Each structure stands twice: as structure tokens, then as C-alpha cells.
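Let me begin by presenting the structure, written as C-alpha cells, before commenting on it.
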Amino acid sequence: MGVRGIVAQGLVVQEVSLLLALLLVPFASPLGAPCRAICASTRQVPHWPLRSWPGVRRSRSVVLAGDGHVNVARRHAGADGTPIPRHVAIIPDGNGRWASARGLPRSAGHAAGATAALRASLALFEAGVEVVSLFALSTENTSGRSTGEVEHILQLVAQLLTSQASTLVDRAVRVRIVSSPSCAPLLPRKLHAAIADLRARAERRGGAQADGYVLCIALGYGGMADLAQAAREIARKVATGALSADSVDEEMLGAHLATGGELAYGLSSEPHVRALPPVDLLIRTSGEQRLSNFLLWQSAYAELHFAQPLWPDFGRADLDAALRQFARADRRFGRVQPTSPETTECRV
Amino acid sequence: MAADRRLPWWLRWTCAIFRAGEVPRHVAFIMDGNRRYARQLGVELQAGHTAGFDKLEQVLEWCLELGVEAVTVFAFSIDNFRRPAAEVDALMSLARDKFAHFQAHESLIQRYGMRLQIVGDLHLVPPAVLAEMERAVALTRTHTGPLLNVCFAYTAQHELLHATRAIVAATRAGELDVDEIDEHAISRAMPSNVAPDGQQVPAVDLLVRTSGERRLSNFLLWQAAGARLAFLDVLWPALSAWSFFAVLIQFQLSQPAVASAAWRDRECVRSSGCCS
């Protein structure tokens, strides 16, 4: 069939994609490197000023009573009944590229990223999300990147927690730092002090805040390292007789991870380190579509949302799009019928 | 005849162009959308699953033409046992037929000399299906071609638990010291990471899920930690070569950014001798 035949029948999707494939294939091969370089240099870099965020719609999920008690109603549905994730994990990718595109040093990118992370976390807590996990540093970062940059990021996180301590405590946010055996010794003293300060402030504020929000910051964390340390801990307990080999099941393995109830490598300002719910929504920015060794076990059934903007540019509209994807998703967990959104009763 | 079975010329030509760039060594597929496909066509669900299996054979041929070393497919999850009993029984009988088909001389597995491995909690599989599985795997034991991992009655969390239990047993038996338990130890203890001949399977480079769902559903969490995830809105039985090639183009374009990261140098995800 000749070209005329194709045109006469109308271009079908497959033919269009064939043409696109033929056009794009040169880009894919090693010979396409000059083509890619030309396109990269002519791509326009959008310059959006950092937006300030008006409040996200309140879902009546946090009520600050006059006596300082915080009633966190864990209703996993918004005001209009749409499902809201309990645990949102964020891989804030693109800080370095954001800074390079503006001619700023990478440290400026990380600073902008930290501010954006805090804003996003607080907005998610306001929307009713219980736990927000941020992938600040991975085990790969701490082995590959220059130690200066890693040190800068650690100090940045410590600085942020110190300066925003009153905001976090007022909103009943507990902070958990999760790490790995190789990176836990690298956590600076300022970070230990910031966590201790947060715990003390929360205790002073009073009230049973055991069920508040949790901001989980992963510094030097790796999902594989986490599973390895959990296996090691379980093997050690079985060897000493504290556990029987028959009792090793998925729940126990999950409990020994950093997000479980036994935090072996990390810090926490929670009064009792509790097991965090599995990840419901995972957001990764800058267009990279990988998990990159973050919360592997916990993300088994998570909705994956890959956003194009670089992390400092991730705005309220992008966050709403991610939450909409979660609400639209038909989460069957292997069954045939869709499951209904969980609702639990109010806790005092 | 061999000539009848060859792929069309334009497909082989496009695969040759892709081979000039970087081809994923290990591709994983979540074959989602068979039931919806059957509903759209107005046929019974069994026909949808049969069409899905035919598509699997086609996709395997594309991967073999590209030079992929290992393919892992998610055939049946432990969670799927919660489906209606009639559907589970139908799926089991389909599986029995297809594993019997794998033993036939003219099947893809035999023609390309692929090595077959079944990964999952095989205690949950009915004996009839298990017998066909074992026969099919035994026939491929001497093969040296690419590896096909069929994940049946599988969840990634169960596989990790299996690895942990194996490590705990090895520690109790004195074969392994507690302080030696690290990521390499877990990698070696995971059944889908180890080929039938004992070599390490390369880490998953590309994971494709059809039918528009954007989640892993408890599939290959460990092995896909650094994999490029591709989500296609098309249903599995309707997957065309062009959609797959579009995914490959995105894979190749995303590679340079990763090559500089520490990921490539991780020993526990780099194969320690498989096919190299």
C-alpha cells in the first residue's frame, strides 16, 4: 500500500506513531547526541517566582481546642467525600537543575527546595494527610556527592527544623528523621538538638498529641539498606532467642523498618515511635520516573505521580493534580471491586 | 515453518536501530487490562486472558529481537486469589494449558532456547498447574538463552519475606554471620534475582505497566528500585509494538541522567557474571 493509500484511508494512530518513531529514533541512538544537545540549549527555561500559598481547602480535620488539645479526626476523605491519602511520599527532585537554570549555586536550589518542602508538607497536613515523607538524601547521594554538598543539606534541614519549630509544634506535627546504618553517624549535632527541642516544646504544649501529624525526613536513607537492617535485626533477635523463627512474617518485617514501630537508625520527636501507614501516594518531580530506592516496601500499593516541574517550582496546582490522581484511582488491591475509602472515627 | 514465524521486516529494522543505543538488559511487565479488554469487545473474560497470553508471546519476541537478557512478567498475584472463585479457577486452568503449551517444541520458549523460572508462593498453586510448571521448567534446564521469570502467586513483599526467612535460617545454621547480612545477602536470597544456573540476574532496567494504572501493586519492589517506570494507557492485549518502542525511546533518553549517579556502581544490582 502506497503513501496515497495511507492518506486516503486517513492516518491511523499507529502510522502517526511510526512517523514519530522514525523522527525521534535518531535522538535515541548515540549519533543523536548533537541533536539532543541542540534541543537542550534552545529549550526555554520558565522563570516562575516562588508563589506564596493561600490556605488549601480545609477539610475540618484538625481542631485546635482552647485547652491546647488537638483533635485529629482521621477522616480519610475531604469535605466533599473524595479520598485523601494517609501517607504521601515525596521525592523532591530537581533542586540542582533549578539553580543551574537560574545561574545560582546548587546551595540556593537546595534552600528553595527546603522552603517548598515545608510549604507542601503543611498544605498536605491541612488537607488531611497524616504522614508526609520527604526524600532529602539517599544512600546513593551520600556515597556519590561531594561531602560539602551533603553536609550543606544536613545543616539546611537542621536549620529549617530549628527556625520553624514553633510552627510545627502549633500544627501538631511530629518530625521523624529516618536514616541508614552507614549515614546515621553523619547526622549533625544541630539536628539532634532540633529534634530534642521539638519534643520538649510539644510536651510543654501539653495535650495527648500521640496521633498528630508526622513529617518524616529521609536523610541518608535507602529502601534496600532499610530492608537489610530489618533482616539483620530480626536474625539477631532470633539468634538470641528473643523471637521465634516461625513468627517472622510480613508484619514483623514491616515493623522493623524505619517507618515501623522500631526506629533503629534515626531520630524522632514523637513520644512513642509508632508504625506509619503504608504510602498511598508517591510524588516525584522533574519528570524522572523512578523510585530510586525510596520506601520500597512501603510503596507496594502506592499511586505514583510523576510531575514535570522541578521541585522548587512545584506549586499548589501540581499538588492538587497529584491528589486528584489519587482520588480518581481505582484501588483494587488485587480484587475486582473497587475498595471504599477508609474512614476512622474521631480520636481525642 | 521458520520463515512464517519471522517478525515483519519493519519491526526487525526498528529493533536494529534501537540496538545501536542502550537496550534494557532486564524488562519487567505488569500485564494489566485483560478483563477490561474482554468487556470492551463484549466477549467472556476467559477470552481476554487468552488474548493476554498471546500478546505476551508477541512481546517476548520483540524483547528477544532487541537483545534483552531477562524478562519478568507478573502473571498472577497472591492478592488475585481474592477474586471470585470462578475467575480464579478459570485462570488456573488457563495457566495449566499455557504451561503445557510452553513444553511444546514449537513454542517460543523452546524455539529461542529461553530459560524458564517460576517465582512465587508455589504452595498456593493447585497441584495440576504445579505439575505442568515443573515439567516446563525441567525442559528448559539445559537452555542458555534469555531468562523468562514468570511471577505466579507472587508478591514482592512475600519474596522479601522469603529471603529474610532464608537468611535467618542460614544464620541459625551457622552458614552466615549476623553482621554479614547486607543488601548483597538479600539479593542473593531472592528467588527472582538468581537464574536457574545460580548466576545473578541483572537488575530491572525498565518496568512497563499497561491499562493506565500508576502503581506497582507489590511487584518487584526490590529489583525495580532503580528501574525506569513506564505506564501505558493501552490495555495489555491491545499493546502495539509502537507503544513499546515509544517506551524504549523514553528509556534511552532517560539513561544519561542516571549513568552518572551512583546507581550503576552498586554491586548488588549489577550482575556478577550473568551473560557477561
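Odds and ends about this structure:
- The set of residues in segment B:89-119 that are on the phi > 0 side of the Ramachandran plot and without any contact (Cβ under 8 Å) to a residue 24 or more places away in the chain is empty.
- In segment A:233-337, counting only strands (runs of 3 or more DSSP E) that sit wholly within it, the ones holding 2 or more residues that are touching a residue at least 40 places away in the same chain (Cβ under 8 Å) and under 30 Å from A:Ala194 (Cβ atoms) span A:266-268, A:281-284.
- Among the numbered conditions (1) over 28 Å from B:Pro8 (Cα atoms); (2) surrounded by fewer than 23 Cβ atoms within 10 Å (Cβ to Cβ); (3) within 11 Å of another protein chain (Cβ to nearest Cβ), the only one that B:Ser187 does not meet is (2).
- Hits in segment B:78-118 (condition: of a type in the set (Gly, Ala, Ser) and under 15 Å from B:Glu134 (Cα atoms)): B:Ala95, B:Ala100, B:Ala104
- First in segment B:29-55 and closer than 27 Å to B:Arg228 by Cβ and at pLDDT 95 or above, second anywhere and acidic (Asp, Glu) and assigned to a loop (DSSP other than H, G, I, E, B), Cβ under 8 Å, 6 or more apart: none
- Within segment A:58-115, being modelled with pLDDT of 60 or more, touching a strand residue (DSSP E or B) at 6+ places or on another chain (Cβ under 9 Å) and in a loop (DSSP other than H, G, I, E, B) holds for A:Ile84, A:Pro85, A:Arg86, A:Pro92, A:Asp93.
- For segment B:1-55, residues that are within 11 Å of another protein chain (Cβ to nearest Cβ) and of a type in the set (Gly, Ala, Ser) total 3.
- If you go through segment B:163-183 and keep only what is of a type in the set (A, V, I, L, M), more than 7 Å from every other protein chain (Cβ to nearest Cβ) and part of a loop (DSSP other than H, G, I, E, B), you end up with B:Ala173, B:Leu176.
- Among (1) at the interface with another protein chain (Cβ under 7 Å from one of its Cβ atoms); (2) on the phi > 0 side of the Ramachandran plot; (3) aliphatic (A, V, I, L, M) - the single one B:Leu216 does not satisfy: (2)
- Taking (1) modelled with pLDDT of 90 or more; (2) surrounded by fewer than 21 Cβ atoms within 10 Å (Cβ to Cβ) in turn, A:Val129 satisfies each apart from (2).
Per-residue answers, yes or no, for (1) more than 30 Å from B:Thr14 (Cβ to Cβ); (2) acidic (Asp, Glu); (3) in contact with a His (Cβ under 6 Å, 6 or more places away or on another chain):
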residue	(1), (2), (3)
B:Asp54	no, yes, no
B:Val59	no, no, no
B:Leu64	no, no, no
B:Val73	no, no, no
B:Ala85	yes, no, no
B:Lys98	no, no, no
B:Ala104	no, no, no
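- Exactly one residue out of A:Arg201, A:Arg119, A:Arg205, A:Arg176 is closer than 28 Å to A:Leu253 by Cβ and in contact (Cβ under 8 Å) with a residue 12 or more places away in the chain: that is A:Arg176.
- The conditions of being of a type in the set (Gly, Ala, Ser), more than 30 Å from B:Asp182 (Cβ to Cβ) and buried (at least 23 other Cβ atoms within 10 Å of the Cβ) are met by A:Ala194.
The values are calculated or read from the model by the stated rules, or taken from the named source; none is laboratory data. It should be emphasised that the depicted structure is a prediction, and the values quoted were computed from it without experimental measurement. Glycine gets a Cβ as well: all are built from the backbone with ideal geometry, and neighbour counts include every protein chain shown.
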